[in-house]
Each structure stands twice: as structure tokens, then as C-alpha cells.
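Structure record follows, encoded as C-alpha cells.
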Amino acid sequence: MKNVKTILVIEDEPDIRELIHFNLNKFDYNVQLASNGEKGLKEARASEPDLILLDLMLPGIQGIDVCRLIKSDPNLQNIPIIILSALGQEEDIVKGLDAGADDYVSKPFSLDILNARIKTVLRRYTKKEDENLNKKISFKGIDISSRTRDVKIDGKSILLTYTEFQILHLL
């Protein structure tokens with residue numbers, strides 16, 4: 001079974017929001033929608049999507065601030081963000097990327113190009129997650145394999161519950 005990715009679209013223009021929603025559904029993404037920065041932050045915290053498409057010019061909290069808040073939140077900071085904005089000047093793009101966005105797409109945009117960029121960013125993050133899953137950690141005689149969930153202390157295997165392993169791995 002295919003792993004369906006969830007994308008949160010934070011866009012205040014209803015027509016653009018619906019167009020993106022319709023087309024992302026065609027590309028087999030699960031799509032969540034938010035019409036402003038506050039709702040977007042709330043939805044991101046509630047559902048922790050796989051990727052966020054973020055408009056910069058939003059009512060209330062501006063998109064650039066939403067990006068900074070997400071990237072400074074330990075629970076959300078690893079969610080990739082692609083900015084979609086009518087602000088296409090070089091300084092706007094630099095500000096967006098400096099705020100933590102992973103990519104920047106200027107409006108108007110091609111839906112096929114947007115989908116290609118989404119796939120590229122998701123592939124990059126999936127590769128990082130896979131690398132972290134296969135990582136082996138060694139510290140003061142303790143060896144931990146993330147992939148196999150094996151723990152050895154001075155070469156001797158230790159049996160841990162899933163929760164115990166997660167806590168040890170986190171530490």
C-alpha cells in the first residue's frame with residue numbers, strides 16, 4: 001500500500017486554495033486547508049503534516065512569521081515548507097528561505113512544477129528520515145541501532161520495550 005503524504009495548504013485566497021486542493025488530490029495527496037496563519041499553525045500542531053504550502057501575504061499572522069514559528073517549534077521544525085507567493089522579488093525569496101522555507105514558488109505557478117517541487121522536497125526529507133532510522137549510535141560502551149532497535153552495553157544485548165528503547169534513543 002502506498003504511503004499517502006499529507007499536505008497542509010495555508011492560503012487566504014479561496015480560489016487558489018481550492019485549485020491547489022483539487023490538483024493535489026489528483027496527485028494522490030491528502031490535503032488539509034487553512035485560510036490564515038492562526039488556523040494554519042493550529043492545524044500544523046494538531047496534525048503534523050508531511051509538508052506545508054504557505055502563502056506569505058495572509059491576514060493576521062503573516063506567512064513569514066508562520067514559517068519562523070513552525071521552524072522554531074521542536075515538534076514541527078522538521079516539517080518542510082514551500083512558500084507560494086505573489087512576492088517574487090529576489091529579496092522576498094531570500095527572506096522566505098532565510099526564515100526556514102525549503103523552497104519558494106512565485107505566483108502564478110504551474111501545477112506540474114509545483115507537484116515536482118513537492119515531490120523533490122518530500123524525497124529529500126524522506127531520505128533524511130531513512131538515514132536517521134538506519135543510524136547507529138555509540139556512547140560510553142552503549143551501542144544503539146535505530147533500524148533494528150538493538151541495544152548493547154559492553155557488547156552484551158539488552159532487551160528493552162518499545163517505549164524504553166524510544167526513551168533511550170531520545171536521550
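The values are calculated or read from the model by the stated rules, or taken from the named source; none is laboratory data. In this text the structure is predicted, and so the values were computed from the model without any measurement. Virtual Cβ from ideal backbone geometry, glycine too; neighbours counted across all protein chains shown. The accessibility values were calculated without ligands, DNA or RNA, using every heavy atom of the protein model including side chains. Shrake-Rupley method; radii C 1.70, N 1.55, O 1.52, S 1.80 Å.
Mind checking the stretch 36-143 for trypsin sites (Lys or Arg not before Pro) that DSSP puts in a loop (not H, G, I, E or B) and that have at most 16 other Cβ atoms within 10 Å? Write down the numbers at each step before the final one.
Values: sites: LYS39, LYS42, ARG45, ARG68, LYS71, LYS95, ARG117, LYS119, ARG123, ARG124, LYS127, LYS128, LYS135, LYS136, LYS140; in loops: LYS135, LYS140.
Listed in order of number, the matching sites are LYS135, LYS140.
The apolar share of the surface of the chain, taken as the fraction of accessible area on carbon and sulfur atoms (1.4 Å probe, ligands and nucleic acids excluded), comes to 52 percent.
For the chain, the 222 nm mean residue ellipticity estimated from helices alone, with every DSSP H stretch of n ≥ 4 adding -39500 (n - 2.57) and the total spread over all residues, rounds to -14000 deg cm²/dmol.
Could you give the accessible area per residue of the chain, probe 1.4 Å, as a whole number in Å²?
Working: 10440 Å² over 171 residues.
Dividing the accessible area of the chain by its residue count gives 61 Å².
For the stretch 12-73, list log₁₀ I(q)/I(0) at each q in 0.12, 0.17, 0.18, 0.26 Å⁻¹, using the Debye formula over Cα point scatterers of equal strength and ignoring solvent, two decimals each. Scattering profile of the stretch 12-73, log10 relative to I(0): -0.28, -0.56, -0.63, -1.19. Per residue, the convex hull spanned by the alpha carbons of the stretch 1-136 comes to 112 Å³. Projecting the Cα atoms of SER110, ASN30, GLN166 onto the dipole axis of the chain, where Lys and Arg carry +1 and Asp and Glu carry -1 at the beta carbon, places GLN166 farthest toward the positive end. Short-range pairs are left out: with C-alpha atoms under 8 Å and at least six residues apart, the relative contact order of the chain is 14 percent.
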